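What follows is a short report on a single structure.
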């Protein structure tokens, strides 16, 4: 299914006209001489830190999520975690972490919606079917801000990916809008970022339109520059007639348009190394696994080319009731997560837990295969894998299933179990991850301190 | 009777706010006379205790709002109570409450964006483009998040960078796909600058939904020229202009100037936009803009006349394609999860046909070819040969040969109207089994304007004793809900209704047994009456005007782009009564577009 992502000088296929540029050149701001840009980057900073947040819904079957007994300091790749065996030495298991704000707190049912909303924000979302959405800002966006302010901002502030489009029912979970269940990345407390679910479109977003000639691209970008410029001045004029409180979406529009403008300036166009083998969009199986793994490969390439340094990937929407025929589960995911002790359902639930762990492993493999100056990309990347429901049958939010992967340069102590006192906010871990990415925050969400990566 | 039963579980009221207010006299009298039998002391129905407040003369504001909602809907005391207030007493009580606590109201934000259906509708009507590279224009954009049940809800239509980027990409793709001959016609004859200005005015006014000033036209034309350079030919210049107009915030955003304290009537252009996005999922046509400019939309009669014209236009098909499918929860049916191994033949094509069956019935109602009640009473339907085979309906030879859709009667074992549609039965099922809970909830929510409240706080989602499901029938499993009194209060209603649909499998076919158990679709209502199958559910929702109120509430939500609030109850209720009497969909639309909510802006609450 997947075409290996090889370092250099391998087959180029699948895409029309990818221009080959060494990645350092590709990263150079337009207008800077390549030599100067390269010289401006010390060897130490040439390999930037990256972070990805992988989310899975509906909690786990606790008997399959093999947490070692108290007192043990290493974990083992058994049960649903077996697919992670090859990366065990680069994955730390966290225990004791909690999302208190995913609980009802007087708002009644709706744990699924709250869990996705809270996962990266630590916030308690406002209960609404649609009007007046309120959640917190997510940690990936804090990191994205830090990257954008840094000496080397990336083309894309952040990348949001997922395997399921937003749900169509207005009320996804007990009176909560589906926007809560379908988004973990929130740019502002009322602004979910959305996510790209089509691997091909995600690729085009990062690397430009496949099949477009350089001339056509230049012509299009020339018009686009002018179009965006006009849009900005129009939006400003309209905004001047509205009070700050009324501008709302107009400011979002302006932010988005400016971001596109900035990207035109920062963007030299082609980014891929000569001979990079591209994800095999056409040949990949049309399965859930095929889709998710392709998204992971696109993400690895985006990291590799420094198109972005922070990303989120939702393996499914929270509360998803997708069946998993690939692992012989014909009932819905949410359905089997509420197994009520039924042995067959519990077993099916564990198979889905394992299936998702396999996707996590596949992403780590894609990162590991991707080389940067001969070093594995995983070496400089932290990947948090988890959810904000613990036991899918019970909907609790304490002692959450959380794994953190990272290579040598990340400080993640692979193979170990990192035990935090019961009730420690997951936001404490988010803070540490953000700090490593250069986002220095005193607090985040309901944080009460720091949980170290290693 | 039935309406009372359906509504009795929607009792959850706004929780305790700190503020207390004096109970107005007429309300106090009504509570004493009609309510305290059930709402007294620790065993108060629905957990709503009213005897204490009546004795004190003071009541929690939130509870009073809840009381008001019930009185406004006249569904408390229950309709089967022998002694109920008169209409005049109800009205007086509601008025008295409104004098003490203002009914909650909502207003749409001043700025909202088009959703993808509206964007695509505008592109179709202004540029004549329906497909790009073989795919429908709306597929260029990501699906919108849904709020309050619809993708028109202003607060849920966010504009993150990803969305802005997709809109810009889509604009470029559409502009590139414009046929040369269409570009050749743009701007008419004449010298280049005049032609460019004419095209800018035509496209700009159509897309921005108002007249443009000379300056605005010149700015567009100049910018298009500058984008491609002075030496560029007409075609690239026109494409640049088209891109510009499609990306422009005057197109992508709907901006209504905020209102001062007393609210304000919307301008003709603003009303025109609301009408077009509501009825057509598109921009106003030149006739509607002319009416707006001529003051024709400043009166109720003028708005009504345009709405009538617009409903007769093919563009009003969007009401079936966008409103009905979301109201009835069959949108994107092709993407619903089903057990592919068990339901092999139920592929995307068949599911499209299922959805189209529902759209076709609704479209007939919207065109006035069938009464509103046909949605729950029709004993005939239109099906494709493929769908007929799925149902087990006979297929006439000519249809079998041509593949054409045909009308046929619905066999007596299936419920009438949408209640028997495969699309609905599939959409309310789990991937591998039916879900009586989902089906029951759907009936209460979509058909009866009696959405069950979410389970109360503190109730575990699954009772701890719910073990050992294997081997039990769905009916036995459902009985578990009754083991917990907190669940039982609503689930007995949802489950009784849902179980009445058990004769229909997860993909909408009739069946006689499930998982080794013979189908038993005779269920018992909490008051002891029996429901004999899904047909009885159709009869149940047909009583009273709850069905019309549900349709009105959903259509108004779709039209206005916000959830309905207490302050909307009176006009929605009055409208439902009118439509119950006339049976005309047009009356429903008229009621919405001439309402204050539609024609005015009020300050944000």
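The values are calculated or read from the model by the stated rules, or taken from the named source; none is laboratory data. Given the structure is predicted, the values throughout are model-derived calculations rather than measurements. Note that we place each Cβ from the backbone using ideal geometry, even for glycine, and neighbour counts take in every protein chain shown.
Descriptive notes on the structure:
- Counted as qualifying within region B:505-582 are the helices (runs of 4 or more DSSP H) with 2 or more residues that are under 27 Å from residue B:426 (Cβ atoms), namely B:534-542, B:546-560.
- Total residues in region A:335-359, condition part of a helix (DSSP H, G or I), crowded, with 23+ Cβ neighbours inside 10 Å and within 11 Å of chain B (Cβ to nearest Cβ): 3
- Failed item, numbered, when residue B:129 is tested on (1) at pLDDT 95 or above; (2) surrounded by fewer than 24 Cβ atoms within 10 Å (Cβ to Cβ); (3) facing another protein chain (nearest Cβ under 8 Å): (3)
- All of B:211, B:200, B:154 fail the test of being over 30 Å from residue A:132 (Cβ atoms) and surrounded by 20 or more Cβ atoms within 10 Å (Cβ to Cβ), apart from B:200.
- Residue A:430, sole failed condition from (1) surrounded by fewer than 19 Cβ atoms within 10 Å (Cβ to Cβ); (2) within 20 Å of the chain's Cα centre (by Cα): (1)
- Selection from region B:430-467 of residues that are in contact with a strand residue (DSSP E or B) (Cβ under 9 Å, 6 or more places away or on another chain) and either within 11 Å of chain A (Cβ to nearest Cβ) or at pLDDT below 75 (or both): B:433, B:435, B:438, B:445, B:451, B:454
- Unique residue being closer than 20 Å to residue B:127 by Cβ and surrounded by 15 or more Cβ atoms within 10 Å (Cβ to Cβ) when the list is B:248, B:222: B:248
- The condition (being closer than 30 Å to residue B:295 by Cβ and either in contact with a helix residue (DSSP H, G or I) (Cβ under 8 Å, 6 or more places away or on another chain) or surrounded by fewer than 18 Cβ atoms within 10 Å (Cβ to Cβ) (or both)) is satisfied by just one residue among B:590, B:545, B:554: B:590.
Table: residues versus (1) facing another protein chain (nearest Cβ under 7 Å); (2) in a helix (DSSP H, G or I); (3) more than 26 Å from residue B:208 (Cβ to Cβ); (4) in contact with a helix residue (DSSP H, G or I) (Cβ under 8 Å, 6 or more places away or on another chain).
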site	(1), (2), (3), (4)
A:204	no, yes, yes, no
A:236	no, yes, no, yes
A:252	yes, yes, no, yes
A:264	no, yes, no, yes
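- Some residue of region A:213-228 being outside any helix (DSSP H, G or I), more than 8 Å from every other protein chain (Cβ to nearest Cβ) and in contact (Cβ under 8 Å) with a residue 40 or more places away in the chain: yes
- Test result for residue A:101, in contact (Cβ under 8 Å) with a residue 12 or more places away in the chain, part of a loop (DSSP other than H, G, I, E, B) and either touching a helix residue (DSSP H, G or I) at 6+ places or on another chain (Cβ under 6 Å) or buried (at least 23 other Cβ atoms within 10 Å of the Cβ) (or both): no
- Answer residue from region A:172-195, given it is outside any loop (DSSP other than H, G, I, E, B) and facing another protein chain (nearest Cβ under 7 Å) and is surrounded by the fewest Cβ atoms within 10 Å (Cβ to Cβ) among those: A:191
- Single unsatisfied condition, residue A:295 versus (1) touching a strand residue (DSSP E or B) at 6+ places or on another chain (Cβ under 6 Å); (2) surrounded by fewer than 20 Cβ atoms within 10 Å (Cβ to Cβ): (2)
- When B:325, B:330 are checked against the criterion of being assigned to a loop (DSSP other than H, G, I, E, B), modelled with pLDDT of 95 or more and within 14 Å of another protein chain (Cβ to nearest Cβ), a single residue qualifies: B:330.
- Subset of region A:318-334 that is more than 11 Å from chain B (Cβ to nearest Cβ) and in a loop (DSSP other than H, G, I, E, B) - its residue that is nearest to residue A:186 (Cα to Cα): A:318
- Options A:106, A:110, A:59; residue that is crowded, with 19+ Cβ neighbours inside 10 Å and closer than 19 Å to residue A:134 by Cβ: A:110
- Condition check for residue B:99: farther than 26 Å from residue B:209 by Cα, away from chain A (no Cβ under 13 Å) and either assigned to a loop (DSSP other than H, G, I, E, B) or over 22 Å from the mean Cα position of the chain (by Cα) (or both): yes
- Top-ranked residue of region B:337-357 - restricted to ones that are more than 9 Å from chain A (Cβ to nearest Cβ) and in contact (Cβ under 8 Å) with a residue 60 or more places away in the chain, ranked as surrounded by the fewest Cβ atoms within 10 Å (Cβ to Cβ): B:343
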